[in-house]
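Working notes for the structure below.
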Amino acid sequence: MVYAVLGSSRDLAVGPVSIASLVMGSMLRDAVSPSGEPLLFLQLAFTSTLFAGVVQASLGILRLGFIIDFLSRATLVGFMAGAAIIVSLQQLKALLGITHFTTQMGLVPVMASVFHHTKEWSWQTILMGVCFLVFLLAARHVSMRWPKLFWVSACAPLASVIISTLLVFLFKAQNHGISIIGQLKCGLNRPSWDKLLFDPTYLGLTMKTGLITGILSLTEGIAVGRTFASLKDYQVDGNKEMMAIGLMNVVGSCTSCYVTTGAFSRSAVNHNAGCKTAMSNVVMALTVMVTLLFLMPLFVYTPNVVLGAIIIAAVIGLIDFPAVYQIWRMDKMDFLVCVCAFAGVIFISVQEGLAIAVGLSVFRVLMQITRPKMTVQGKIMGTDIYRDLHQYKEAQRVPGILILAIEAPINFANSNYLNERIKRWIEEENSTQNKQTELHVVILDLSAVPAIDTSGIAFLIDIKKSIEKRDLELVLVNPTGEVMEKIQRANVAQNHFRSDCLYLTTGEAVTSLSALAKMTKP
């Protein structure tokens, strides 16, 4: 209801999603058992939801949405695949009919629990679970193969619940090893503002859980909203979405809801059904309300195994094999991030796996900043164009002139690296040149340098002095506005860069200095 009023997406259908549910459940379960202390567990869930909403709304109000960009596509693909495996493994309890099952989330303890309790396996439960799982996966395949039949996949879970409930009721399957939900309480939950818990003992846990689940759910919600907005050619306001989702969770924490966001599957059903506005969320909310008030007795005989099959069929869609293959082909470092996110989630824990993947992504960004790309350029014959020698095989070096292009901002983080790299190139160039093509000029192409700081200016002055000590000349080509402005400010104190060492293009510089470049030693 809150999102329908404040959100900017016309297609986003909000509600609980598997990833946020998984993360919140696993993080809170480390401190409190949901079966042993259910009230405390609920209090922590509501409090975590409040913090998640505050974080989300704050990001929107302060326009700090760039923070969620640290969750790269590779990170999310690996994380979702790992989360899907973990969620699926947790459903083995229902799918096999096991009574005593581990509360841990990792692959190893779950599989150990499964095979340590083989005596509890129920063939009736397994048969029913496999049959409905095959039915759900077949329905999903039909909808993917023929998009016009989207309703088959959308209706399959409800059909599974109805059919399985009728089978259990008619054949009294609960007396033959099939576990059922049992009696559920009708009505709407009471407001939960009195259940918010700010006890210092658990405050750190709820804040950390709220931060992680808030950013995760916000990332998924905005990504889903933008995906469908691009299909219908309209704009989604990212900051407005953050505030809408954040306020939705703040209100939800006071009305017995845990963290919610926009779900891809529900949004896809919305889109395919032809919804035009966020009013679909109002209809959905009213439908859930009617179900809670009047239809809950119908679920008494619903078998738990079917709910497990529905969850497995749903989360399998989170494993995006084509995306993983594409990442592998395009960027091996991104693939490593993806694999680390996946392995961290299934072998360590959800939050630590995510932290490892984000850490690797940030490390990669830092590497790109501190080790910026530099290229040696040559002239493409028959033209006045200069390009990277490694990329363009037809490009040829200009005798006596070393042309280097820097393709990144120059700042304190990379100036020392650039200094050392240029000096090494000059030494290599001198060691390979013969007397007829002795190096005379070093050209720095700055056209791809958008910004420079004082450390960068100091680097240019230092490299100029170092080059001049070698009896060489440094030429700068096409400094951008900010770079040129700071060079001029540096020249006020001392004229380091005269006008005759500044050129608009590499071609102009080479033409002007060609006579010098062809000189030979006496």
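How much accessible area per residue does the chain have, counting only protein heavy atoms and a probe of 1.4 Å, in square angstrom?
For the chain, the solvent-accessible area averages 51 Å² per residue.
Sorted by mean Cβ packing within 10 Å, highest first, what order do the peptides 25-35, 336-346 take?
The most tightly packed comes first, giving 336-346, 25-35.
Calculate the spin-label point distance for residue 291 paired with residue 466, positioning each point 7 Å from the Cα along the beta-carbon direction, and give it in nanometres.
Using points 7 Å along Cα→Cβ, the separation is 6.7 nm.
Stretch residue 362-residue 159 to full length: gain in nm at 0.36 nm per residue minus the Cα-Cα span?
Going from the current span to full extension adds 68.6 nm.
Based solely on its DSSP helices, what 222 nm [θ] is calculated for the chain when runs of n ≥ 4 H residues each add -39,500 (n - 2.57) and the sum is averaged over all residues, nearest 500 deg cm²/dmol?
Per the formula, -19500 deg cm²/dmol.
May I ask for the distance between the Cα centers of region 307-350 and region 129-194, given as a whole number of Å?
If we compute the Cα centre of each part, the gap is 26 Å.
Given a cut-off of 19 Å, name the pairs among 195/240; 464/486; 423/465 whose C-alpha atoms lie farther apart than that in the structure shown.
Distance filter (> 19 Å) returns 195/240.
Sorting check: for 405-413, 72-80, 482-490, which peptide has the highest mean count of neighbouring beta carbons within 10 Å, and how do the rest follow?
Descending packing order for the listed peptides: 72-80, 405-413, 482-490.
Please report the carbon-and-sulfur percent of the accessible area for the chain; probe 1.4 Å, protein heavy atoms only, DNA, RNA and ligands left out.
Carbon plus sulfur share of accessible area: 64 percent.
Compute the distance in nm between two label points, each set 7 Å from the Cα along the Cα-to-Cβ direction, one at residue 151 and one at residue 231.
1.7
For the cross-link pairs 119/172; 93/232; 93/208, which exceed 31 Å when the distance is taken from alpha carbon to alpha carbon?
The pairs that break the limit, which is 31 Å between Cα atoms, are 93/232.
Relative to the present Cα-Cα distance, how much length would full extension add between residue 127 and residue 352 at 0.36 nm per residue of separation?
Gain in length upon complete extension: 77.4 nm.
For the chain, take the longest principal axis of its alpha carbons; what is the angle in degrees between that and the long axis of helix 73-90, to the nearest 10 within 0 to 90?
Rounded to the nearest ten degrees, it is 20.
Any idea how far apart residue 425 and residue 172 come out in nm if each label point goes 7 Å out from Cα toward Cβ?
8.5
For Cα pairs less than 8 Å apart in space and 6+ apart in sequence, what is the mean separation divided by the residue count of the chain, i.e. the relative contact order in percent?
22
The values are calculated or read from the model by the stated rules, or taken from the named source; none is laboratory data. This structure is a prediction, so every number in the text was calculated from the model and none was measured. Neighbour counts run over all protein chains shown; Cβ positions are idealised from the backbone, glycine included. SASA here: full protein model, heavy atoms, side chains in, ligands and nucleic acids out. Shrake-Rupley method; radii C 1.70, N 1.55, O 1.52, S 1.80 Å.
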